[in-house]
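S.K.: Next up is a structure, given as structure tokens.
The values are calculated or read from the model by the stated rules, or taken from the named source; none is laboratory data. Predicted model only: the values in this text are computed from it and were never measured. Note: ideal-geometry Cβ built from the backbone for every residue, glycine included; neighbour counts use all protein chains shown.
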Amino acid sequence: MHQKNIMKALVYHGVTKKSWEEKPKPAILQSTDAIVRITKTTICGTDLHIMKGDVPEVEDGRILGHEGIGVIEETGASVTAFKKGDKVLISCITSCGKCDYCKRGMYSHCENGGWILGHLIDGTQAEYVRIPFAENSLYHIPEGSDEEALVMLSDILPTGFECGVLNGKIQPGSSVAIVGSGPIGLAALLTAQFYTPAQIIMIDPDDNRLEVATKFGATHIINNSKEDAVEKIKALTNKKGVDTAIEAVGVAATFELCEDIIAAGGVIANIGVHGKSATLHLEKLWAHNITITTRLVDTVTTPMLLKTVQSKKLDAKKLITHHFKLSDIMNAYETFGHAAKEKALKVILSNE
Ligand SMILES: [Zn+2]
Ligand SMILES: [Zn+2]
């Protein structure tokens, strides 16, 4: 039996330390807050970065998680768009809707929010979560939705789409290479197909992930632990390179690979979370009309992506490989942390 004001949550206790433990249930702090009872959540590659110590702002005692869906439990006095009992999708980005950045659609840099969930404030890997600026940071879940699929809309689909596909300016008939075939690279692969590029070449050292990429619509795959990716891309593109190179790993070598495979006039669109510097080969790129883009997801495309999932134009559920009870989250982290061995993409944690 749970006491009334106690819940269970996945709590970070410093590098490599975490536990599933009791925490006070969150309460409304501002009139713009909502409390959401989590029904489904997941684990992100970013959570693994936090556990490794790559995100040092995360404090001991923080509840992790920035993705999920749930049911409104309580709303602050000024929240009118949501009421108790409404099913909601939680955005990984919190936005006030009022600051300069929000007015420009750059929610990721909201002066009062941005990526704070499971980072600077308690997150979604818990039975309940407090969502600040609920009206701008939550979305109604349409009746009859496949709710598991919608968990993919909290972060990975908008991230792959905004940082990879939109920033990469993918055009009909163009050539695209995606370096990294993990969940984010695959989310970029799925959403790149809105624009019908002629070639989508997936590059990864894991054969299972490349096989998944083929099923998801990749036209070519390259295992860069066995083959020379630069040579193979030159062979596939009349020696030109690709029009769009998407970096979906977050290490120097994969960013530098993008520099080696980009065609004149092309775009290198970085998605990866980088903890170290990479070499910019300006001596090769300066005369090639190259654009390099970086972005933290704004989640401005979430309403559009929600429609594509609802209408079955985008099969988001394909990204889910494993299911756990929320209370079994420690095992879920083990599975997700050994993704290659476990053939894991996204895991769903259910609190029901
Ligand atoms: Zn994430
Ligand atoms: Zn704002």
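S.K.: Kindly establish whether Gly180 is modelled with pLDDT of 95 or more and either within 16 Å of ligand 2 (Cβ to nearest atom) or not aliphatic (A, V, I, L, M) (or both).
M.R.: When the stated conditions are applied, Gly180 passes them.
S.K.: Just to be sure before I move on: is Leu89 within 16 Å of ligand 1 (Cβ to nearest atom) and closer than 22 Å to Leu319 by Cα in the structure I sent?
M.R.: For Leu89, the condition - within 16 Å of ligand 1 (Cβ to nearest atom) and closer than 22 Å to Leu319 by Cα - is met.
S.K.: Given the structure, is Val297 touching a His at 6+ places or on another chain (Cβ under 7 Å), aliphatic (A, V, I, L, M) and crowded, with 21+ Cβ neighbours inside 10 Å?
M.R.: No; evaluated as a whole, the condition is false for this residue.
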